[in-house]
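Note sheet for the following structure.
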Amino acid sequence: MRITMEVLVGKDEGRWPKGTRVRKVNTKAGDAHQDGALGTIVGALGPASPSQRAELIIELAKEGMNGDVEYFYWVEWDDMPGIPVGIADFRIEPIEEEKDVPN
């Protein structure tokens with residue numbers, strides 16, 4: 001499968017802009033970061049067109065995953081500063097820095 005999307009690394013286009021604080025959700029076996037891990041968006045890839053999204057849903061289902069991918073994001077996790085990691089949008093959620101972080 002070949003999907004072409006515009007690269008928006010370092011730009012504020014996308015559902016969530018560069019600098020948005022996020023929390024990991026929908027962890028799967030083998031992930032380096034578990035649900036609740038915190039990070040910051042540093043770039044984006046997308047958006048996927050409706051037909052690309054449909055193809056991605058099918059491909060994810062073949063891998064046993066559910067999700068509708070509109071954007072892929074590069075996130076720098078708090079425990080790995082300076083190392084952007086690619087992740088699908090359905091596997092992160094934006095947080096309000098102080099309010100949404102458990103003590």
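The values are calculated or read from the model by the stated rules, or taken from the named source; none is laboratory data. These numbers were taken from a predicted model, which means no experiment stands behind them. Cβ sites come from the backbone with ideal geometry, for glycine too, and all protein chains shown count toward neighbours.
Couple of notes before you dig in:
- Residue ID - surrounded by the fewest Cβ atoms within 10 Å (Cβ to Cβ), chosen from residues in segment 47-71 that are touching a residue at least 40 places away in the same chain (Cβ under 8 Å) and under 11 Å from the mean Cα position of the chain (by Cα): Glu70
- Pairs with Cβ under 7 Å, 6+ apart, first in segment 26-40 and closer than 18 Å to Met65 by Cβ and modelled with pLDDT of 95 or more, second surrounded by fewer than 16 Cβ atoms within 10 Å (Cβ to Cβ) and aliphatic (A, V, I, L, M): Asp35/Val25
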